1. Please grab the % of Cα pairs in the chain that end up more than 19 Å from each other.
2. Counting only heavy atoms of protein chains, what accessible area per residue, in Å², does the chain have with a probe of 1.4 Å?
3. Counting other Cβ atoms within 10 Å, keep those with at most 11, restrict to DSSP loop, and tell me which trypsin sites (Lys or Arg not before Pro) in segment 18-52 are left.
Amino acid sequence: MAGSGGLIGMPSLLLLGLPIHQVIGSVKFPNMFSSFSSFYILLKKKQLKLKVPSS
């Protein structure tokens, strides 16, 4: 049950009186953490290949 809690979370945090920059930060940080952890797991399981551009 992870993912887009911004639909409920952002308006409720704004209604509680938090500044917009804190609301956006509180939504973006877990999203960034989730994306990085997914990237790390895929890289660790070797399901992801990094391609180095040739010069």
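The values are calculated or read from the model by the stated rules, or taken from the named source; none is laboratory data. Nothing here was measured: the structure is a model prediction, and the numbers come from that model. Positions of Cβ are backbone-derived with ideal geometry, glycine not excepted, and every protein chain shown enters the neighbour counts. Heads up: the accessible areas ignore ligands, DNA and RNA and are worked out on the full protein's heavy atoms, side chains in. Shrake-Rupley method; radii C 1.70, N 1.55, O 1.52, S 1.80 Å.
1. So the pairs more than 19 Å apart make up 49 percent of the total in the chain.
2. 96
3. Details: sites: Lys28, Lys44, Lys45, Lys46, Lys49, Lys51; in loops: Lys45, Lys46, Lys49, Lys51.
Of the trypsin sites (Lys or Arg not before Pro), the ones in loops of segment 18-52 whose Cβ has at most 11 other Cβ atoms within 10 Å are Lys45, Lys46, Lys49, Lys51.
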